[in-house]
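The values are calculated or read from the model by the stated rules, or taken from the named source; none is laboratory data. Treat the numbers as computed from the prediction; the structure is a model and nothing was measured. All Cβ positions, even for glycine, are placed from backbone atoms using ideal geometry, and neighbour counts span all protein chains on display.
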Amino acid sequence: MINLILIFIVLIIIGVFLFLWLGRRKNSAPPSVQLKYDMNEIVLFLRRAFEEIIASSLYEGSPSEEEYNRRKARRRELQKALRSCMHGDLSAKKYVKLYMKDLLVQTYGLDEGNVDKIISFGHTGRLTSQDCFDILLHVFKKEHGQDAFNVMVSKYSLDTLQRLPDGSRGYKITEEQIRHIYQSEQPRLSMQDKIEIIVQRAYQIYKGLGVIDELRDQNIDGVNGGTSGMPPDVVQTTDFLEYTKQQHFIPQSYDAVWTFYRGKSLHLEFLSFGSEKELKRVCQNIYGFGNPGQLNESKGYIINDMADGSRVVVVRPKMAESWAFFVRKFNDSLVELDQQIKDPGAPLAIHMLVYLILGHQVTAITGRQGSGKTTLLKALIKYIDAKNIRIQETSFEIWARKMYPGKNILSFRETPSVSGQDGLDVQKKTDGAVNIVGEAATHSVVSYVIQAAQVASEYTLFTHHGKTLANLVSALRNSLIASGAFSNEKIAEVQVVEALGFNVHLVLRAGKRYIERITEIIPADPQFEYPRSYAEREEITDKLDAFMDTMTEYFGRMTDRRSYDYQDIIVWEAGEYVVKHPISSRKIDEMRKNMDEDDAAEFTAFIEKYWGQSA
């Protein structure tokens, strides 16, 4: 009896303790509205909801076999979407966002009465610059789709050169500009619009790519982050802390968001990742498509593709001074030559390019990044008739088979275990007639390009970053030497100029792309015969003098005498394409032999029309 009384007393004490503890916890909790209508709480709710969905039992409620299989398929689809949505897979992203929207509306309770408590849509003064940009991008996207950002920049001339604080000039979009656009547009949002904007904000924090998530999906040339501002190591120094006392705001690496728009690098000053932790999260998530391996300190970088074909490069300390990423987007649609080349004299340049292909000429397409080399190369493939085409790339950028499904085309790319040279070696055994190299960047690839141009294929097309023709020849020559194929500079240079036929150089200036020149490379007359008059002399002194003349000629050819000449065939002058020098008769004959009768006749008429010379 005494034991029962003691047990009863202990239970009463425990009950009182629990009552007081729960009451204290309830009183100390913040108001429910503050919890419910905070973006961080929304993200936390979504994270827990997805965890519960993934971990829930498929057997709950004793489902039928059909229902069990349906549940299993839905879970598998959700798991797959959650793994790939941040890697450029737009369908997976859309699926996850629809799931989030359903959870927030049906379970969390988002409605017309509380959406403004999460983002102050009705009070412009309370909106951050990121809020304004997200709303504007959403509104423009409803009308212009993936061209929303391009339309906004073009409409409000946001790509205008500006004076920077350090006195230099550059391209930037400021918070003041974004707020001015917001005031000008006065966007009207429906309940559905507001929910979609909130869902996107929650998605980019939870599973997306932070502040660049929607921007990355736009039809822009590229986006990068972590490439300006103070690096983390500098922030920790005493000098920096002293410096910040004198300055109002010092941008740091996580404040850096840049986009590549029509060849211009625009600094989006109004956007920031907010913390080094967030920038690191984005860098660690953005490259993961296809499980390319782990980005660790010992390697320091990773180059990979995203699900939509974009190329992504991620670097990290200690290789780089801060975490940073670079996304380069490639348009997989075909832009015809007449769409790329529109200026006065365009038919001259277009026809010349077509005849280079029909004439089987080894052509190097050069220019800086963003000048349109790949776009031009894709358009030229159209004129390669009845030939097996083999393409080697660092990452898939050309996507030729998407545009020309009826042609015999196979593309190869480098992987962590297969080098570019290995891929090129395999190409030799795939009955390819035309070799295309997306970018001749490494020594081994350059060596193969020269070899293929001479013996392994009918002709070769490739891109390179050479600024001038002399730079191109020197770079290719140096790569041949570095690869071990040659040890003598002069001999290596001779091999390069004998392999090359023409150089098409593209330029990007002030956002305008055009062909600066089409140049023919002309190998110099070898003149292998050296003076041999010393053999005819009788006196030893005369023999020595004559022999010195022979050696002087030899060393002159090996040092001062250039192994090639060149002449610009077509140039860009005063805003139009004009003819310059005539094509050499040797090249005209060579090109005509590779054409059928109709093309050769048209080529002859083309030469006579513009250069007045008979072919």
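Structure data summary
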{"item": "Extreme residue, farthest from the chain's Cα centre (by Cα), among residues of the stretch 15-53 that are at pLDDT 75 or above and either loosely packed, with under 10 Cβ neighbours inside 10 Å or polar (S, T, N, Q) (or both)", "result": "Glu52"}
{"item": "Selection within the stretch 212-224 - closer than 16 Å to Gln284 by Cβ and over 13 Å from the mean Cα position of the chain (by Cα)", "result": "Ile212, Asp213"}
{"item": "Residues being assigned to a helix (DSSP H, G or I), within 26 Å of Asp568 (Cβ to Cβ) and of a type outside the set (Gly, Ala, Ser) - total across the stretch 422-479", "result": "11"}
{"item": "Only listed residue being modelled with pLDDT under 90 and either within 30 Å of Val313 (Cα to Cα) or out of contact with any helix residue (DSSP H, G or I) (no Cβ under 6 Å at 6 or more places or on another chain) (or both), chosen from Asp89, Asp102, Asp111", "result": "Asp111"}
{"item": "Leading residue by the ranking (nearest to Pro523 (Cα to Cα)) among those in the stretch 448-458 that are buried (at least 22 other Cβ atoms within 10 Å of the Cβ) and of a type outside the set (Val, Ile, Thr)", "result": "Ala453"}
{"item": "Residue within the stretch 190-199 that is out of contact with any helix residue (DSSP H, G or I) (no Cβ under 9 Å at 6 or more places or on another chain) and either closer than 30 Å to Leu103 by Cβ or touching a residue at least 60 places away in the same chain (Cβ under 8 Å) (or both) present", "result": "yes"}
{"item": "Residues satisfying the stated conditions in the stretch 221-242, i.e. closer than 19 Å to Val153 by Cβ and either at pLDDT below 90 or of a type in the set (Asp, Glu) (or both)", "result": "Asp221"}
{"item": "Subset of the stretch 156-196 [surrounded by 14 or more Cβ atoms within 10 Å (Cβ to Cβ) and part of a helix (DSSP H, G or I)]", "result": "Glu175, Gln177, Ile178, Arg179, Ile181, Tyr182, Glu185, Asp193, Lys194, Ile195, Glu196"}
{"item": "Ala364 vs. criteria of a type in the set (A, V, I, L, M, F, W, C), free of Cβ contacts under 8 Å to residues at least 12 places away in the same chain and more than 21 Å from Asn304 (Cα to Cα)", "result": "no"}
{"item": "Sole residue being modelled with pLDDT of 85 or more, assigned by the TED database to the domain that holds His351 and surrounded by fewer than 16 Cβ atoms within 10 Å (Cβ to Cβ), chosen from Pro405, Pro416", "result": "Pro405"}
{"item": "Identity of the residue in the stretch 307-356, within 30 Å of Asn224 (Cβ to Cβ) and of a type in the set (Phe, Trp, Tyr), that ends up farthest from the chain's Cα centre (by Cα)", "result": "Trp323"}
{"item": "Per-region count, the stretch 552-577, residues on the phi < 0 side of the Ramachandran plot and modelled with pLDDT of 75 or more", "result": "13"}
{"item": "Residues that are farther than 20 Å from Tyr301 by Cβ, polar (S, T, N, Q) and either modelled with pLDDT of 90 or more or not in a loop (DSSP other than H, G, I, E, B) (or both), drawn from the stretch 315-339", "result": "Gln339"}
{"item": "Matching residues in the stretch 117-155 - criterion: being surrounded by fewer than 15 Cβ atoms within 10 Å (Cβ to Cβ) and either outside any helix (DSSP H, G or I) or of a type in the set (Asp, Glu) (or both)", "result": "Ser120, Gly122, His123, Thr128, Glu143"}
{"item": "Within the stretch 34-111, helices (runs of 4 or more DSSP H) holding 3 or more residues that are among the basic types (Lys, Arg) and touching a residue at least 12 places away in the same chain (Cβ under 8 Å)", "result": "65-84, 90-102"}
{"item": "The stretch 197-234: number of residues that are farther than 18 Å from Lys93 by Cα and buried (at least 22 other Cβ atoms within 10 Å of the Cβ)", "result": "3"}
{"item": "Every pair of residues 6+ apart whose Cβ atoms lie under 6 Å, when the first sits in the stretch 542-562 and is within 15 Å of Glu489 (Cβ to Cβ) while the second is at pLDDT 70 or above", "result": "Met558/Lys490"}
{"item": "Breaking point among (1) out of contact with any Phe, Trp or Tyr (no Cβ under 7 Å at 6 or more places or on another chain); (2) crowded, with 20+ Cβ neighbours inside 10 Å; (3) assigned by the TED database to the domain that holds Lys587, for Ile381", "result": "(1)"}
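Yes or no, residue by residue, for (1) in the same structural domain as Met591 (by the TED database); (2) more than 22 Å from Glu414 (Cβ to Cβ); (3) not β-branched (Val, Ile, Thr):
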| position | (1), (2), (3) |
| --- | --- |
| His443 | yes, no, yes |
| Val446 | yes, no, no |
| Gln451 | yes, no, yes |
| Phe462 | yes, no, yes |
| Arg477 | yes, yes, yes |
| Ser487 | yes, yes, yes |
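A quick yes/no check of all residues on (1) charged (D, E, K, R); (2) at pLDDT 90 or above; (3) within 18 Å of Gly210 (Cβ to Cβ):
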site: Gln79; (1), (2), (3): no, yes, no
site: Ser129; (1), (2), (3): no, yes, yes
site: Cys132; (1), (2), (3): no, yes, yes
site: Val151; (1), (2), (3): no, yes, no
site: Leu161; (1), (2), (3): no, no, no
site: Ile173; (1), (2), (3): no, yes, yes
